[in-house]
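Shown next, in structure tokens, is the structure this report addresses.
The values are calculated or read from the model by the stated rules, or taken from the named source; none is laboratory data. Fair warning: this is a prediction, and the values are worked out from it, not measured in the lab. Ideal geometry is used to build each Cβ from the backbone, glycine not excepted, and the neighbour counts take in all protein chains shown. The accessibility values were calculated without ligands, DNA or RNA, using every heavy atom of the protein model including side chains. Shrake-Rupley method; radii C 1.70, N 1.55, O 1.52, S 1.80 Å.
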Amino acid sequence: MIDKIKELIAEAEAFKAQSKEEVEAFRIKYLGKKGLLNDYFAEFKNVANEQKKEFGQTINQLKKTAEDKVNALKEELESKEEVKGIYGDLSRPGEPIELGARHPISIVKNQIIDIFSRIGFNVSEGPEIEDDWHNFTALNLPEYHPARDMQDTFFIQTDPDILLRTHTSSVQVRYMENNKPPIRTISPGRVFRNEAISARSHCFFHQVEGLYIDKDVSFADLKQTLQYFTTELFGKSKIRLRPSYFPFTEPSAEVDVYWGLETETDYKMTKGTGWLEIMGCGMVDPNVLENCGIDSKEYSGFAFGMGIDRIALLLHQISDIRLLSENDVRFLEQFKSAL
Ligand code: PHE
């Protein structure tokens, strides 16, 4: 009889079912009131004493095997049913289509491109990995020039000639080398500087630099262009220019826009002055024109450069520049309604 029970154990272990009904039939056969197990339990009293122990252990094993099997099969069938539930009901409504959002950097970059394209500027791009000539030397920053320290440069491995561009002025050099005046171009792109990462600054950020070269371009043209730009982008036309220094422009200036002091945030953003610094600019140094093959006696021009990230923070009242590169969808989703 023990051998018979062992056979049943093997049978129970091997059992497979396709439906709940089959599992139920299996349960009744083994574990039901009139099932095999109860028969064997009833038989127990008739078993010879010296066999009682082994007999008892074997039917307990059969009981456990059958119970485990029933539970396992039930679970298996239920999970299969769930899968069927997802894909099987064709009358369900369709999947909701997730709408993407543009990144705030792209939104602001496109706005800036749009504003300048209306006054005849095209868009030029160049490599992020640059050589010394395009990032520095051509821009009137020869080797050992102290102003190189203004731009904490990342060099590529050990070659001091290859670096990550620190500004997109490098693109303007390339543009001047390859195009004849009149030139009206803006160069948006990512730039890199070895700066400590904080809420206000990052080791990579984005710039748009502009360049206008033609006969008789004057500082007045520069001022008018800047005023047009700030009015279009911020809705603010009051600007001021503070004298500054850049190796590639002379004279050079820093541009502030009058933001106002209407709200508490205005106070915070402008440190109580109402003014916000938004870009650097100046008349292109004749040396730079000559370096790029443009006759500085015939042509003059202006250039300007601004950080897109900072402007994005301003326009969208974002408190931490790091949010722009963390790819947190909770942040990015908030720009769905923007351009
Ligand atoms: N290239 C300068 C910078 O990155 C910005 C600038 C551009 C200033 C053009 C003047 C003229 O800081």
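Couplings for segment 135-141, taken from phi via the Karplus curve 6.51 cos²θ - 1.76 cosθ + 1.60 with θ = phi - 60°, read 7, 10, 4, 5, 8, 6, 10 Hz in order; Gly and Pro are left as x.
The shape of segment 12-103 can be summarised by an equivalent ellipsoid whose semi-axes, obtained from the alpha carbon gyration tensor, come to 48, 14, 7 Å from longest to shortest.
Between Ser244 and Ser252, Ala253, Glu254, the built amide H atoms are under 5 Å apart, and every one of these is 5 or more places off in sequence or on another chain.
In loop segments of segment 59-162 as defined by DSSP, the trypsin sites (Lys or Arg not before Pro) with at most 11 further C-beta atoms inside 10 Å of their C-beta are Arg118. Computed with a 1.4 Å probe over protein heavy atoms only, the accessible surface of the chain comes to 57 Å² per residue. Phi-derived couplings, Karplus 6.51 cos²θ - 1.76 cosθ + 1.60 at θ = phi - 60°, listed residue by residue for segment 160-175: x, 8, 10, 8, 8, 4, 9, 7, 8, 4, 4, 5, 5, 4, 4, 5 Hz, with x used for Gly and Pro.
Averaging the inverse of every distinct alpha carbon separation and then flipping it gives the Kirkwood radius. What is it for segment 99-244, in angstrom units?
For segment 99-244, inverting the mean 1/r across all distinct Cα pairs yields 16.9 Å.
The trypsin sites (Lys or Arg not before Pro) of segment 1-41 that DSSP puts in a loop, and whose beta carbon has at most 10 other beta carbons within 10 Å, are Lys16, Lys33, Lys34.
Where the accessible area of the chain is counted over protein heavy atoms with a 1.4 Å probe, how much of it, in %, is carbon and sulfur?
The nonpolar share, carbon plus sulfur, comes to 50 percent.
Evaluating 6.51 cos²θ - 1.76 cosθ + 1.60 at θ = phi - 60° for every residue in segment 188-202, the Karplus couplings come out as x, x, 8, 10, 9, 9, 7, 10, 5, 7, 8, 5, 9, 9, 9 Hz, glycine and proline recorded as x.
Taking every alpha-carbon pair under 8 Å whose residues sit at least 6 apart, the chain reaches a relative contact order of 16 percent. Using Cα atoms only, what is the angle between the long axis of helix 219-234 and the major principal axis of the chain, expressed in degrees (0 to 90) to the nearest 10? For 219-234 against the chain, the angle is about 30 degrees. For the pairs Lys180/Lys297; Lys4/Lys29; Lys33/Lys63; Lys29/Lys80, note any where the Cα-Cα span goes beyond 18 Å. In this structure, Lys29/Lys80 lie more than 18 Å apart at Cα. Springs between Cα atoms under 10 Å define the GNM used for the chain, and in it the highest mean-square fluctuation of Ser169, Ser106, Ser79 occurs at Ser79. Cα centroids of segment 253-304 and segment 109-174: 17 Å apart. Along each principal axis, taking the top coordinate minus the bottom one, the Cα set of the chain gives 121, 50, 39 Å in descending order. GluC sites (Glu not before Pro), restricted to segment 223-280: which are DSSP loop and have at most 14 other Cβ atoms within 10 Å? Here the GluC sites (Glu not before Pro) that fit, given the DSSP loop and packing criteria, are Glu262.
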